[in-house]
Amino acid sequence: MKLTAKFAARPALEAALRSAGCERTVVYSAKPVEIASGAAVRPGRMSLLAVAGAVAAGTGMTLFMLWTQSDYPLVTGGMPIKSLWPIGVISYEAAMLGAVFGTLLGFLLEGRFFRNKSGPGEAVDSAWLFLQLPCPGGEADRLIEQLRAAGAVSVEQEPD
Amino acid sequence: MDRRNFFKLVGTASGGAVAGACGREGDAIIPLLVPEEQIVPGVEEWRPSVCRQCPAGCGTIVRVMRAERILEIDGEKVRKPIAAVKKIEGNPLDPVSGGRICGRGQAAVQRLYHPDRPRGPKIRNAAGVLEDASWDAALDRASEALRAASAQQVLYLAAAVSGSRSAAVSSFLEGCGYAPARTAGTFDFEVERAAAQYAFGWNGIPLYEIQDADFVLSIGADFLGGWVSPVFYSRRFGHMRRGRESIRGALFHAEARFSQTAWAADRWLPAAPGGEHALALAVGALLLQRHGKDAASLPPALAATLREADIAALCMQSGVRQSWVEEAAGRLASAAAPVVIGGASIVRRNSVAAAAVANALNLILGNVGRAGGVKAPSRPLDTAAVDTGAARPTAVFLDGIADAAVPLRVRALLDAATVIAFQPSAHADVLLPDHDALEAGRVVSPITAPGYALTGGPSFVRPLYDTRASEDVLSAIAKRLGKSAAVPPAPYEEIFAAQDGFADTREFVSYAERQGGWWQERSAEISAAPDPEGPWGSAAAPGAPAASAYPLTFQAFSSVQYGDGGGADLPWLRQLPDPASSLMFDLPLEIDPDAAAALGVRNGDRLKVISAAGSVEAPAYVNPAAVPGVVSLGLGGTADALALLPPESAEGAGAQIFSCPARVERVGRSDRFLQFTRIDRDEEPARS
Amino acid sequence: MTEKKHPQWAMAIDLDRCTGCEGCVVACHAENNVPLTSPDEAERGRMKHWIRIDRYYEGTFPDIRVKYRPVMCQQCDDAPCEPVCPVYATYQNEEGLNVQVYNRCVGTRYCANNCPYTVRYFNYEDPFWPEPLELQHNPDVSIRPGGVMEKCTFCLQRIQRGKLESKEENRELADGDIQPACVQGCPAEAMAFGDIADPESKVSRWAGSGRSTQLLDELGTKPRVFYLEKGA
Amino acid sequence: MTPAAAAEERIRQDLLRPLSGAGAGYCAAAAFCALIVAAGAVAWGLQIDRGMVVTGLARPVYWGFYIVNFVFWIGISHAGTLISAILRLTDAGWRKPVTRAAEAITLFALMIGGMFPLIHLGRVWLFYWLLPYPNERLLWPNFRSPLVWDMTAILTYLAGSFLYLYLPLIPDFALLAKRTTGLRSKICGLLSLGWSGADYQWHALERANKLMAVIILAIAVSVHSVVAFDFSMSLAPMWHSTIFAPYFVAGAIFSGIGALVVVMAAIRKFLRLENYLRPVHFDNLGKLLLLMSVVWLYFTASEHLTVWYGNNPLEMNVFQAREHGGFGLASVLMVVCNFAIPFVLLGIRKLRTIPTIVFSGFSVLAGMWLERFLIVLPTLANPPLRAAAGTYLPSAVELVITAATFASMALLYLLFVKAVPIIAVWEYEHEADG
């Protein structure tokens, strides 16, 4: 079971969060909502992924270029066969591309896309704020009461 | 000894002069009997030949390989394998070219494969257009014209080339009772020959041994560009400059144009047009008066002239700074092996006198017959210019003379007669196309061969088109005229008599064919016998300044690219930048910066040059090195340089003069002025 | 096992012998199937001369001189044109030649921009020879299609032929066996070609002369063409 | 409905209004642009068929209008990066209505600019030889070539800026999916990746945007540096210069802002978004433009001073050609357009109005195009050996293709404003909220 409460404004939502506790609640809204505490603060690994992507792509490209140069050893302009300076630019660009894809991956993971877990459909196109929280079987009534007390316009109950 | 080893042996013996490419001769020469279909692709054959782009007659070797010609037969495209000429190089065994070749010689192959080459005989129709005809019709037409003419009314105009072909021509002319062949009065070096006759008593063009000289003064002879034999003298020049240990020969060149020789010279003495005579006299006077040289070998008249000469006045008259003339004379006097070259690349009224005095300076220097001096001509040259005053021909043979090199007075003769031409010409009424020089087997004697004879091997590529050897054509004409005596000798072998060491003529000829010629140094030393009656007087004082109608001097010259103008249609030469102006596809009128400024002329403006004889339009090039007051135009450009020259000969020779008074008008801008480089000077820009 | 030493090709041009006659220019056209250029194209500046004569007037009349110099690909050891090519269409071979691989060229023209000598020429369109001029084509040299850069090769095809022939005949290449077309034709014998690694070769001797200079050597391209300056 | 909700609804309707329907003027403009683009395509086809002979390129000017346009458009592409990334990182609130317009410029300008190296190739059908794809003969591209750097940098930038544009579009796609019907709704739904407006998605988006801002900045600086390297890696006089990379980056940002003000003014006028793109936005961009104008002058002056003082003959040839030769007029115009006009119009507060800012934007665009022209051409036309000097005049084909790039920018933009809201709805609301 889970509950979905609809709020008109942020203060009411925040009050509801305070009373209901923040664990495993999700706020849905049509624009980013800055909530004083709680739901928003989630640890993220996106930057780590970006860095990892950069390192992997940068190193991989560098090694690849060095390999092609020794595999196809042609002298140009009197430069050494394995010349790091002129391939540095591409290593850099490859690292940046890795970071871009790392970020994209992080975004897709953290945003839990493609997981068929849609919230209240209304949320993306309305001024209302929605709070969804899990509801263990017996506590539904108490929670609904709390939410209404906090200022929810309506609370709906639905199965998982 | 097979051919390759022969080449190698001779090459080593002659001091490494052999080029690498010619050492690669295969033993098998493609016999003409081998059908062209059986030539192996990718295998090269080098066949000896002679360059016919100018009278110099450089010995060449020609690279022949298989190629495919696409022919349309009955509307179907057929690929036919043929033996094609790929490249022409100098023949290392040849004493003229020594394995070297100039740009015009290289381009000779484009004459063979020129898209506009006539592919068969042509006859001018009633509408005045040359149209294709059969050989029979063309020969009939030529014979008719000859039959209609009396023997005195037939003129044979030929370039100054000798060899088997001209022998055939002579025998034809003789057999038919016609007068001997004549030149058009251009590029047959009559001035030089007359001067050599006066100065040395020699018939022919003297040989200047500049390769062993340490100071060369050239007066009027652009010997590196458009003179007797550019490759021959370029080789000698190279050796003179840097071919010897510790001796670097120096060159001073006097001419009224900044020619190729002036480029290469250590000092150019920019003589006024016609000032070469005064210059030569001034140098002679300096040698006698200041350097105490002995005048004993000089003709007395000349010695007297030189002793009495007023040096300053002569220098003034020559147009050259006196200090430079003195420097030239001083260096001549002090050099161990000095030589003076006298010639007239640009023939002027007093050119014979100028060249004669210049040549005579060698007598003062005592270098006749010596290393680094002047040697007697290897062979006599006895062509003569047509006497346009007397001749009234109704039928003219035109043979080997470029249209651009036909002077006005000869054009008048051509216009009035039926012209039978062997090469394409605007004047032709009947065109009986000869084989290309590369297709015909002939013997050619080069104009300056230093005592050698040279043969061209038998033809090694089949005629591309419906052309006929002109020997055969003359013979056919003779038959039609019923003059069987005039049938020329068929095989060129007959020119040779068997030489010592050979079983018979055949063996000798095959030997000569293998190496591209047969050369024998003429050992007989001919001593100089100057003519006391020569033009040894002082230079005529310049007349009053020319009438103001023609304040400038116009001169025509033979350019490095187009030569006498005959090379002007070859693509490689057309796109070659002119050395002076960097102009491609045409030749400009060179004008000096002051005259240009006075007329408000920039590069590429169209100028009209007007002389008493006519006028032409040409694009202008403001040449920083043009002699003030002198405008020059090369032969073979779109502007017809000779159309400006009045029908006058140099004094003492039949040669057409190449210089006359003129004036210039600006008529607008040229549509295009295609310079390869538009930059004349390499100057560091100033900060501003 | 000793490694076979490759000859190091180089050229020397004695400007004191050179007369600026442009024989080399025509020789190069004849040898290398250099495309013809129409006047229309030439007007746009598309004339191709793998070797050209740069000429500058110096001074004023009457004390005027002209400085001229045949300029072709200098076959630089540290060639600026090579590293900028994205597809290795130009590189340095073991004989010191700056090789242009026509088939590989995609036509960025970067090499030509980066050549301080401006000796690279671009094919703006497929070349054309009016019939039957194409019969003269040298079968040893490929015809470059449009969109491809070309330049002087030191007559690579002659080097190849020379090497093959010496191998066939089981002999060492001798100095002077191989000559590019320009060198062979030069009427004033102003050009020398050979192995610069061989101190006895003509080109080595010429390059070692006190008059020897290199064009724009301050750029550090290490050209393989040596110019022997004029001088008394 | 609360008053606040009603206000939000009005904003949404305002911002989404341009997406539906197309007036006669719009259709005419789109058709006109499409026509020019088609002419450009025909011209390119002709060039592929006949060869580079249809261009005005000639020795020694082997690079002409195509490379000028290439550098110019890559420079324009820096609009998005600067406005969006720098302002996002510094959290400048006023950026919000302009970020998407700017990012779209980036993407489109890159697509257009990226075409030019291809258009410019002699044998474009072999362009893939620049890619390191595995092949039978194990031929690899030469990674030392700045052109391969270019390709990598541009592809990276293209990927990055596409993502950077796309990420903030996701919530708007979700919104659009709701508000539209039929196929359009389906497509928008797909493109929204199942966006639900959950707080973790908002946070992922926020984080990704911040990260991308950092990355895209790093890429953008490198991209225009690499474009500069195309020139500065060469030995050519006045190209071989260490100042080129930062000079190009600064110039790129400069021209990018110029492009942005012009595009914004057009959007504002034609989409009637006067309430959203307010004078303050233009004023701020105008100040930025002024700042960059001064930065540009600083770079230009230090480049020229160095060359002039050094007095290297090879460089002086080019310098003189730029200042006094055939390029002199272009040089003067360049300084007028890039400095004199913006400095006066934007530096004097009273003169800094929307029309003058937009005029300055146009002027900077023209000036920066001239700057690229003056970098590419005089150097090529004056090679070290003076005898090889030449000239260049663009051909009709080059002019048509150049015109087509401007038309394609307009066309892409016309299509873009019909496809998505040009002002990020959620970001704008966020701002209105805060």
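The values are calculated or read from the model by the stated rules, or taken from the named source; none is laboratory data. All values derive from a computational prediction rather than experimental measurement. Using ideal geometry, Cβ is built from the backbone for each residue, glycine included, and neighbour counts are taken over all protein chains shown.
Points to keep in mind about this one:
- Within the option set D:236, D:208, being at the interface with another protein chain (Cβ under 8 Å from one of its Cβ atoms), surrounded by 22 or more Cβ atoms within 10 Å (Cβ to Cβ) and either under 30 Å from residue C:118 (Cβ atoms) or more than 25 Å from the chain's Cα centre (by Cα) (or both) holds for one residue only, D:236.
- Scanning segment B:567-623 for residues that are of a type in the set (Gly, Ala, Ser), over 13 Å from residue B:636 (Cβ atoms) and either part of a loop (DSSP other than H, G, I, E, B) or not assigned by TED's automatic domain parsing to the domain that holds residue B:659 (or both) returns B:580, B:581, B:582, B:600, B:604, B:612, B:613, B:614.
- Screening B:342, B:319 for residues that are at positive phi and buried (at least 20 other Cβ atoms within 10 Å of the Cβ) leaves exactly one candidate, B:319.
- The residues of segment D:263-298 that are in a helix (DSSP H, G or I), of a type outside the set (Gly, Ala, Ser) and in contact with a Pro (Cβ under 7 Å, 6 or more places away or on another chain), listed by number, are D:281, D:289, D:290.
- Residue among B:609, B:616, B:630 that alone is within 14 Å of chain C (Cβ to nearest Cβ) and either among the aliphatic types (A, V, I, L, M) or closer than 20 Å to residue B:558 by Cα (or both): B:630
- Within segment C:212-232, being in contact (Cβ under 8 Å) with a residue 40 or more places away in the chain, farther than 20 Å from residue C:7 by Cβ and in a strand (DSSP E or B) holds for C:227, C:228.
- Total residues in segment C:108-139, condition assigned to a loop (DSSP other than H, G, I, E, B), more than 14 Å from chain D (Cβ to nearest Cβ) and touching a strand residue (DSSP E or B) at 6+ places or on another chain (Cβ under 9 Å): 5
- Residue D:258 vs. criteria under 18 Å from residue D:74 (Cα atoms) and crowded, with 19+ Cβ neighbours inside 10 Å: yes
- Restricting attention to segment B:461-484, the residues that are free of Cβ contacts under 8 Å to residues at least 24 places away in the same chain and acidic (Asp, Glu) total 1.
- Strands (runs of 3 or more DSSP E) completely within segment B:60-143 that count 3 or more residues being free of Cβ contacts under 8 Å to residues at least 40 places away in the same chain and more than 32 Å from the chain's Cα centre (by Cα): B:76-90
- Complete set of residues in segment C:167-183 that are more than 13 Å from the chain's Cα centre (by Cα), in a helix (DSSP H, G or I) and at the interface with chain B (Cβ under 10 Å from one of its Cβ atoms): none
- Selected residue (criterion: nearest to the other protein chains (Cβ to nearest Cβ)) from residues of segment B:236-265 that are part of a strand (DSSP E or B) and under 11 Å from residue B:213 (Cα atoms): B:250
- In this structure, residue D:133 does not satisfy being in contact (Cβ under 8 Å) with a residue 24 or more places away in the chain and farther than 20 Å from residue C:109 by Cα.
- Of the residues making up segment B:289-306, those that are part of a helix (DSSP H, G or I) and within 21 Å of residue B:195 (Cα to Cα) number 7.
- Near pairs, Cβ below 7 angstrom, 6+ apart or cross-chain, from segment A:75-98 (within 11 Å of chain C (Cβ to nearest Cβ) and over 24 Å from residue A:53 (Cβ atoms)) to any residue that is among the acidic types (Asp, Glu) and not in a helix (DSSP H, G or I): A:76/C:82; A:77/C:78; A:77/C:82; A:78/C:77; A:78/C:78
- One residue stands out among those in segment B:551-580 that are over 30 Å from residue B:118 (Cβ atoms) and more than 10 Å from every other protein chain (Cβ to nearest Cβ): the one that is surrounded by the fewest Cβ atoms within 10 Å (Cβ to Cβ), which is B:551.
- When segment B:142-173 is filtered for residues that are surrounded by fewer than 20 Cβ atoms within 10 Å (Cβ to Cβ) and more than 16 Å from residue B:432 (Cα to Cα), the ones remaining, listed by number, are B:147, B:148, B:149, B:150, B:151, B:152, B:153, B:167, B:170, B:171.
- Residues that are part of a helix (DSSP H, G or I) and over 18 Å from residue D:327 (Cβ atoms) were ranked within segment D:380-401; the one that is farthest from the other protein chains (Cβ to nearest Cβ) is D:400.
- Scan of segment A:90-145 for residues that are touching a strand residue (DSSP E or B) at 6+ places or on another chain (Cβ under 6 Å) and aromatic (Phe, Trp, Tyr), ordered by number: A:128, A:130
- Positions within segment B:109-139 being within 14 Å of chain C (Cβ to nearest Cβ) and among the aromatic types (Phe, Trp, Tyr), in sequence order: B:113
- Considering only residues in segment B:653-668 that are in contact with a helix residue (DSSP H, G or I) (Cβ under 7 Å, 6 or more places away or on another chain) and surrounded by fewer than 21 Cβ atoms within 10 Å (Cβ to Cβ), the one that is farthest from residue B:588 (Cα to Cα) turns out to be B:654.
- Residues that are more than 10 Å from chain B (Cβ to nearest Cβ) and free of Cβ contacts under 8 Å to residues at least 24 places away in the same chain, drawn from segment C:1-42: C:1, C:2, C:3, C:4
- Sole residue being under 30 Å from residue C:123 (Cβ atoms), part of a loop (DSSP other than H, G, I, E, B) and of a type outside the set (Gly, Ala, Ser), chosen from D:44, D:63: D:63
- Taken over segment D:280-322, the residue count meeting the criterion of being surrounded by fewer than 18 Cβ atoms within 10 Å (Cβ to Cβ) and within 11 Å of chain B (Cβ to nearest Cβ) is 6.
Per-residue answers, yes or no, for (1) among the aromatic types (Phe, Trp, Tyr); (2) farther than 17 Å from residue D:161 by Cα; (3) part of a helix (DSSP H, G or I):
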site	(1), (2), (3)
A:68	no, yes, yes
A:91	no, yes, yes
A:107	yes, no, yes
A:115	no, yes, no
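- Just one of the listed residues (C:193, C:226) is more than 10 Å from chain B (Cβ to nearest Cβ) and either crowded, with 23+ Cβ neighbours inside 10 Å or touching a helix residue (DSSP H, G or I) at 6+ places or on another chain (Cβ under 8 Å) (or both), and it is C:226.
- Of everything listed in (1) free of Cβ contacts under 8 Å to residues at least 24 places away in the same chain; (2) in contact with a helix residue (DSSP H, G or I) (Cβ under 7 Å, 6 or more places away or on another chain), the single unmet condition for residue B:391 is (1).
- Considering residues of segment B:526-549 that are more than 19 Å from residue B:650 (Cα to Cα) and modelled with pLDDT of 80 or more only, the residue farthest from the chain's Cα centre (by Cα): B:549
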